[in-house]
1. Kindly list, by first and then second residue, each pair from a residue in segment B:499-512 that is within 11 Å of A:ALA111 (Cα to Cα) and facing chain A (nearest Cβ under 7 Å) to a residue that is of a type in the set (D, E, K, R) and open to solvent by 50 Å² or more (accessible area, probe 1.4 Å), limited to pairs with Cβ atoms under 7 Å and residues at least 6 apart or on different chains.
2. Of a type outside the set (Phe, Trp, Tyr), closer than 21 Å to B:ASP435 by Cβ, in a strand (DSSP E or B) and open to solvent by less than 30 Å² (accessible area, probe 1.4 Å) - does that describe any residue in segment B:350-364?
3. Quick check on my filter: what residues within segment A:2-24 are in contact (Cβ under 8 Å) with a residue 12 or more places away in the chain, surrounded by fewer than 17 Cβ atoms within 10 Å (Cβ to Cβ) and farther than 18 Å from A:ALA86 by Cβ?
4. May I ask you to say which residue of B:GLN340, B:GLN302 is of a type in the set (S, T, N, Q), open to solvent by less than 60 Å² (accessible area, probe 1.4 Å) and under 30 Å from B:TYR425 (Cα atoms)?
5. With the checklist (1) surrounded by fewer than 18 Cβ atoms within 10 Å (Cβ to Cβ); (2) at pLDDT 85 or above; (3) among the basic types (Lys, Arg) in hand, flag the one item B:LYS666 doesn't pass.
6. Does B:ALA99 fit the bill of being in contact with a Lys or Arg (Cβ under 7 Å, 6 or more places away or on another chain), surrounded by 17 or more Cβ atoms within 10 Å (Cβ to Cβ) and among the small types (Gly, Ala, Ser)?
7. I'm trying to understand the selection: among the residues of segment B:56-80, which are buried (at least 19 other Cβ atoms within 10 Å of the Cβ) and touching a helix residue (DSSP H, G or I) at 6+ places or on another chain (Cβ under 8 Å)?
8. Answer with yes or no whether B:THR53 is free of Cβ contacts under 8 Å to residues at least 24 places away in the same chain, within 16 Å of B:ARG179 (Cβ to Cβ), surrounded by fewer than 17 Cβ atoms within 10 Å (Cβ to Cβ) and of a type in the set (S, T, N, Q).
Amino acid sequence: MSKKSILIIDDEADFCKLVKLNLELIGDFTVTIATDGKHGLALAKTLKPHLILLDIMMPHMDGFQVLEKLKADEATMQIPVIMLTAKGDDASKVKASELYNEEYITKPIEALELRSKITEVLERTAK
Amino acid sequence: MKIQTKLAFLTVLCLGIFAIAFFFYMNLEKSRLSTIFHETKNEKNTVFDKLLTLKGAPLEMLANDYTYWDEMVDFISTRDLKWAQVNIDFALPTFQVNAVWIYDTNFTLLYSINDVKESSLKELPFTKEEFDKLFAQSRLRHFFINTAAGLMEIRGATIHPTADSKRETPPRGYFLAGRLWNKEFLSELSNLMDGRLTLLPFFEEKTNPTLKNLSEKGIINLSKILTDFDHRPLMAVNMSIDSETMRVLKRSSTVTLFTVVFLIAAAFSLLIALLNRWVSLPLHLISRTLETGNISHISSMQNEEAEFGDISRLIQRAFSQKEALIKEIAERKKAEARFQHVADAAEEWIWEVDKDGLYIYSNTVVERILGYKLDEIIGKKHFYDFSIPGHEEKLKKEAFAIFAAKKDFKNFLNENRHKNGSIVYFETSGSPVLDKQGNLLGYRGVDTDITERKKAEVELKNAYEKLKETQGQLIQAEKLNAVGQLASGVAHEVRNPLGIIIQGVNYLETKIAVKEGDVAEVLAMLKESVKRADKIINSLLDFSRATSIGLQPEDISLIIENSLNLVKNHPAFNNIEIIKQVSPDMPKVLVDKNKMEQVLINLLINAFQSMPSGGRLTIRGYDKKLEIVRSGIGNRATDNFRPQERAAIVEIEDTGSGISQEQMDKIFDPFFTTKGPRGGAGLGLSVSRNILHMHKGLIFVESQVGKGTKITIILKLSGR
């Protein structure tokens, strides 16, 4: 089985870099980085990754706007998304899980934990 | 009873007594007269008997003496008529006898003679059997027969020889002599008896009305019964004696009687007239005067010296005094009405009590301010009867102390119960009422109803308290809001770097295959610090997030059990003896289960941390009626619980280090912690209190340094 491609959209470039390093180190993934929403959307369309890690709090276009666009586009509609947030407020959590039926992870998160979450989502959506 | 009636009654009574006395006197007089009458009658009777005996003596002598005589015996056998004519015929006038008959033993008439010239008297009118009977019983006989010439007294005897004077030998013949009771004889007897003698056919005396009536008129009637040969009554001889003595006696008695009656009647009439003049009439006039109030009725008596004069003068004086009194009373009533009007129009309750505090006067204001009618107050209630429960004794003590000192008092504030049960506030002022000797009779005073003012004061106070509390809450809310915003902002800003750090650490952990020296330890420290920072962020978020709760009836025992399970992994858990005492039949509590678990976990962890080297933790759950009025339990709008309300209690008691007094004031402040940098964020108790506050619950902390801490939570029971 080939490596799963993961797209991470987060304005924290350092965080993206470290997640890429870790996931590619401990998991069978290729990770592509986008540091803003617009760039992320474009990459999602072209790359069609297996899974998108999407930060909520971003300048210009926040995670929910990105998610909306992803879900609106037939090309990206099927890609599972795990929302990442440092905000930790219940409203975001509810919006993510209930509105778009997507997973939700709070930063800080350990690499192993992130990997198992990704694996879990991928296995579930593969069915 | 009117005096006139009494007098009339007295008169009738006297008359009655007099009538009875008169009746007795009459009877006595009658019996006296009767006795005299009977005595006289007996005397006359004796005399009459003696007279008859005397008058009958010659006849008896003839019959007795001529019959024990040898010559007579010889005559029976010889029948010598010559002897008979010489001896018998001559004897007739001597013995005043009218007829003689001599019979032999066979009752054959031997000789008969009479001077009446009546042929029917030739022989006695007896049959043979009657003759046989005549001497069968006695040898001497005395009886009467009716003849054609009139009533004849007969004496008979058997004939015997001279020697046989006792007539013991058998009779030789029979000798009978008779004497007529003719008019001459009767009138002679009448003259001798000074009466009137009559012969009457025989009647039973009692049935003879003539005789009876005669005896009633002072006439003495004596009656003798004359019998025939066979002892049968033949005639009655009746002697009427007109007794002058008796008549005089009777008349004098009657005269005396009438005189006495007349005198007494006159005396009574006089007495009645005088009583009427002297007593009844003045009394009547006095009573008319008193009835009508018109003293002209007794004006004629004014100048009399006697008692009625005194009375009439007294009445006149009394009337003039009465008029003055009426005038005075009218004026006083006017004054009283004026006062009453003013008193009732007043806003204040004007009253007077006696020395025991019993109301003896009250204006009508009391009806308005206490709800009682005047007749429910006056003479029935004491001033302390309106006191609110529990304050009566205090009020009595204070008030009677003032009573004892006879002091005035002003604006004495007191709480009272209105008849409808509401509490009313009065300000009371009063002055003592004293008698001439200075003894306390009671108090007079005024109560002003200040309930509205008091209510306004209380409302103001409540409003102020509420304001203060709201202000406190606002400040708290503002604080929370600030903390929330801060937390939210900080969370994002801090968690991103934390995310980077942890990812970096993870990378290094994986990348540095050989864990040299301190590297592993340093990485572990980095990870631990990141977790701690995250925990603080979470606490901050919890703190700011405690905004809404979902209340459900829950089993507190279950919540306690869950909380204990969740802290099982605490490092101190195993050193601590945990005692759970939850009342088995405890009703459900109204809580947000998760929030309540959060509270209990916070408290349990605090307790564990206060017992680092072990100890005992007791967790209790029970329900009870709240009694102690403390912060949050009371009747103010801001109090979560009412006194006597049933509530759930959860107590967590540890044997840990305790909390000092200075710390106690700050334990609920956010970010206050005694646990140092490695402990919590200092938000646990603050969050817990906020959660309980949202549950309308309460939390109290009692602690003694070195001994332990007891935390009491009071929760609402799910309604009934």
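1. B:ILE500/A:GLU12; B:ILE500/A:ASP14
2. Among the residues of segment B:350-364, at least one is of a type outside the set (Phe, Trp, Tyr), closer than 21 Å to B:ASP435 by Cβ, in a strand (DSSP E or B) and open to solvent by less than 30 Å² (accessible area, probe 1.4 Å), which makes the answer yes.
3. Within segment A:2-24, A:LYS3, A:SER5 qualify.
4. B:GLN340
5. In the conditions (1) surrounded by fewer than 18 Cβ atoms within 10 Å (Cβ to Cβ); (2) at pLDDT 85 or above; (3) among the basic types (Lys, Arg), B:LYS666 misses (2) alone.
6. When the stated conditions are applied, B:ALA99 does not pass them.
7. Hits for segment B:56-80 are B:LEU62, B:TYR66, B:PHE75.
8. In short, yes.
The values are calculated or read from the model by the stated rules, or taken from the named source; none is laboratory data. The shown structure was predicted, so the numbers you read here are calculated from the model rather than taken from an experiment. All Cβ positions, even for glycine, are placed from backbone atoms using ideal geometry, and neighbour counts span all protein chains on display. Ligands, DNA and RNA are stripped out before the accessible areas are found, and what is left, the full protein with its side chains, is counted by its heavy atoms. Shrake-Rupley method; radii C 1.70, N 1.55, O 1.52, S 1.80 Å.
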